Each structure stands twice: as C-alpha cells, then as structure tokens.
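All remarks here apply to the structure that follows.
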There are 2 protein chains.
Amino acid sequence: MQRRFDEELKTLKERLLSMAGLAEQAVGKSVKALVDRDPKLAGFLRNDDAAINQLEVEIEESCLSLMARYQPEAKDLRMVAMIFKIVSDLERVGDQAVNISERTLDLLKEPLLKPLIDIPKMAVLAQQMLKDSLDAFVNQNAELAREVCRRDDEVDHLNDEVYHELLVYMAQDPKTITRAMDLILIGRHLERVADHATNIAEDVYYLVKGTTIKHHLAGN
Amino acid sequence: MQRRFDEELKTLKERLLSMAGLAEQAVGKSVKALVDRDPKLAGFLRNDDAAINQLEVEIEESCLSLMARYQPEAKDLRMVAMIFKIVSDLERVGDQAVNISERTLDLLKEPLLKPLIDIPKMAVLAQQMLKDSLDAFVNQNAELAREVCRRDDEVDHLNDEVYHELLVYMAQDPKTITRAMDLILIGRHLERVADHATNIAEDVYYLVKGTTIKHHLAGN
C-alpha cells in the first residue's frame, strides 16, 4: 500500500514539476516577446496558459483522488496538501504571463520608450525563484526555501526602481504616459510572480521545519 | 464518527466565515480610510492583517488535522480541501487591504486629487462578491457562485474607467502623476479582491456541480 502510494506521489510530483516548468517558461516567453517586440510570441501565451490551467484541474483531482484512496497520514498528507496549494500559485503565475503579454501587445503599437534593463532582470530573478522554490519542495530543502524568500526583496527593489524611473518619464513628457504605465504594470506582474514563488517557498519551509517564516514581509 | 466529523467541520466553517468577515471588513476599512482621509484607520490595517494571517495558519492546521483524524471520503474530503484553498484567497485579500492602506498613507501627504466615486463603488462590489462567494460555499449554492463570477466583469469595467480617467489627469497635469498612480494601483488592488472572490466562487461551482466554469475569463 505504502509503496503504491509512494509511486503515485512520485508521478504527481513529476507532473507538478512539468506544470512549474510551463509556468516558468511562460513568464520567460512573455518578457522575451516584450524585449524582441514580437507580437506573435506574445499572442501564443494564451495557449500556454490554457495548458497550465488544464494541468491545474488535473493535478488537483489527482491530489484528492490520492487522499481519498490512500488516506495518507502526517507527513504524506501534508505533502499532498502542499501540492494542492502549489498548483494554485502556478496557475496564477500563468495568468501573470498572459497579463504581461497583453501589456506587450499594447506597447507594440508605439515605438520603444526606453531600453529595457531592469524588467528582463526581474524576469530572470522571478523565474529562478520559481525554479528554486520547486527544487526546495522536491528536495525538502528548507535553507533553499528561506533563500528564495530573501530574494523577494531584490525583486521588490527592482520593481521600485522601475516604478520611479518611469514616473520621471511621465512627468517630463505626457506622451510617454501610456507606455510608461504599461511598463509599470509589467513590473508589478513580475513582482507578483516572485510573490507566488515566495508563497511556495514559505510553505516548503513550514513543511520541513514545522515553524513559519511567513508574514514577516508585507505581501503585495 | 461521522457525527463528530460533521460537528468539527461545522466549527471549521464558522471559523472560515469569521476569517472571511475580517478580510471583507479590512477591505471596507481600507477604502473608508481613503475616503475619510483618516491616517489612523489606514495605520490600523496592519493589525487586522496580522489577525487574518494567524487565522490562515490555524484553519489550515485544522483542515490537515481533520483529514488525518477522520480520513473523510468523497464530498467531505472535497469540502475540507476547499476550505484549505479558500483561506489562501482570504489571506491575500487581507494583503490587498494593507496595500490599499499603504497607498492611502502616501496619498494623504497631498491634497485630494478628485472626488472618489468609482473606487468606493468597486470596494462595495468586491466586498459583496466576497460575502456571496462564502455564502455560496456554505449553502452549496452553484447559482449564486456563478453570479459572483459574472459580477467580476463589472468590477473590471469600473477599474478600466478609473484607469482611463486618471490617465487623462496625468496627461493634463504632471503634478497629479503620483496621486493618480496611487489611485490606479488602489483600483487594481480592489480588482484583485474581486478576483479572489471569483476564484472562490469558481471552486464552489465545481464542488457543487462537478464541472468547471473556470478560465472562461482572463485572469488579471
């Protein structure tokens, strides 16, 4: 019984990692479409999101089915409950990628406002946080989980810089306002991706250590 | 055994409703602080958020404990899993109220930009959606759940109006930019509250009907 449960749990974790991979790639693609000014790539994000949404439904069902059939205890139950939670975060990461691609399609109607430096940096950081939060989950690595949470500050800091820099553009030239707004909102979408990674990492820390590092930082 | 489970589930639902009440009130207070220009009320939101966060941890633990001790099947299991999910949404609603109060404290440093009409309207709608999504859960009311999802469009529409109106302010007078940005972001925070209510309602619909109405609308 326990062996069959372990095998099914292993399969479930693999599917979770596929879903996380898709979500992470979607974020990467959405920012690539922005940087390369590629409306086709931006348009494709809807398909990626549909695949991510489908996986959410399937993995949730598998979690419930696993719980119902094996009635796992203690640690195993927490593990399945954790997967159940992580898929919600990943699904919302997919939504953020769609939001970024929509802002991008809007931005592509006008010439480039400024070279993009901090936004691609934020994307790389947020993607790595997402990857590491899942790694921390799979390997039950509390230290890595804690480190992911720390890195959230870096993303917040970059987002503040993006915000203040673009406010200056707006103030100097009202013609830049809509483009600056789109970029500010893209910054916020990336910040939310990092928040989702942080949520996952906080839960991993709790799962492994039994104490919370949650809510030490303001949510945004 | 089933009777004791039912009793504990009832208690758990009551605590969920308390948490939902707190989250809903926090949103109301954050917008009241904005409308009344009341920095003290805005400052208090941190305390409300701490109480909401504490409830999240406690209710999650109760869910896991209930699952471990009673190993509920089918419908009962789904019910507990659903509570487990709802608390995450409610916790994030609390975060949105804090975000609104932070923007408000920023706004209070300058004179009022414009009379607030749509933002308080959005707050009332989002609060009602939250309330109704929980009502739909407790009463297993799929129709009410579906209606909550529909109302999300109204909030999105108001948010678009807020956004476009404030863009005009910014374009006409750069001195309004920081205030307009704060109001735009408050609009988005309220929109996210409505999104959380919609998430809950979608899950309720699925719980009752076994089919999904999810992902018909773009997430934001």
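Since every read-out is calculated from the coordinates, none of them should be taken as a lab result. Bear in mind that the values here come from a model prediction, so they are computed numbers and not experimental data. Reconstructed Cβ throughout: ideal geometry from the backbone, glycine too, with neighbour counts over all protein chains shown.
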* Taking 0.36 nm per residue of separation and subtracting the Cα-Cα distance, what length does fully extending B:Q25 through B:K131 add? -> 37.1 nm
* To do: Throw me the Rg/Rh for region B:2-209, computed over C-alpha atoms with Kirkwood Rh, two decimals.
  => 1.05
* Could you calculate the contour length gain from B:L105 to B:R150, that is, 0.36 nm times the residue separation minus the distance between their Cα atoms, to one decimal place in nm? => 12.9 nm
* Peptides B:89-98, B:27-36: what's the order by average Cβ count within 10 Å, highest mean first? -> B:89-98, B:27-36
* Asked: Any idea how far apart A:R4 and B:V57 come out in nm if each label point goes 7 Å out from Cα toward Cβ?
  -> 3.9 nm
* For residues of A:70-77, the mean tally of beta carbons on other chains within 10 Å -> 3
* **Chain lengthening between B:S18 and B:R37 when straightened (0.36 nm per residue, less Cα-Cα)** => 4.1 nm
* Computed FRET value (nearest 0.05) for A:A68 with A:F44, which takes r as the C-beta separation and R₀ as 41 Å -> 0.65
* What is the distance, in nm, between label points placed 7 Å from the Cα along the Cα-to-Cβ direction at A:K75 and at B:V168? -> 6.3 nm
* Who wins for biggest fluctuation among A:E24, A:E191, A:E110 in a Gaussian network model of chain A, springs between alpha carbons below 10 Å? -> A:E110
* Structure fact -> Cβ-Cβ cut-off under 10 Å around B:T178, Lys and Arg +1, Asp and Glu -1: the net charge is 0
* To do: Go from 0 up to the bin containing the longest alpha carbon distance in the protein assembly as shown, width 20 Å each, and give me the % of pairs per bin.
  => 25, 60, 15, 0
* To do: In whole angstrom, note down how far apart the Cα centers of region B:118-182 and region A:29-88 are.
  => 27 Å
* To do: Work through the residues other than A:F5 whose Cβ is under 11 Å from its Cβ and net out their charges, Lys, Arg +1 and Asp, Glu -1.
  => -1
* **Residues B:D49, B:D182, A:D38, sorted so that the one with the fewest Cβ neighbours within 10 Å comes first** => A:D38, B:D182, B:D49
* Structure fact -> Violations at 31 Å Cα threshold for listed pairs A:K109/B:K175; A:K29/B:K214; A:K131/B:K10; A:K10/A:K209; A:K214/B:K13 -> A:K131/B:K10
* On average, how many beta carbons from a partner chain sit within 10 Å of the beta carbon of a residue in A:52-59? -> 2
* Helix-only [θ]222 nm of chain A, DSSP H runs n ≥ 4, -39500 (n - 2.57) each, per residue, nearest 500 -> -30500 deg cm²/dmol
* When chain A is modelled as a GNM with alpha-carbon springs shorter than 10 Å, which of A:V80, A:V193, A:V204 fluctuates the most? -> A:V80
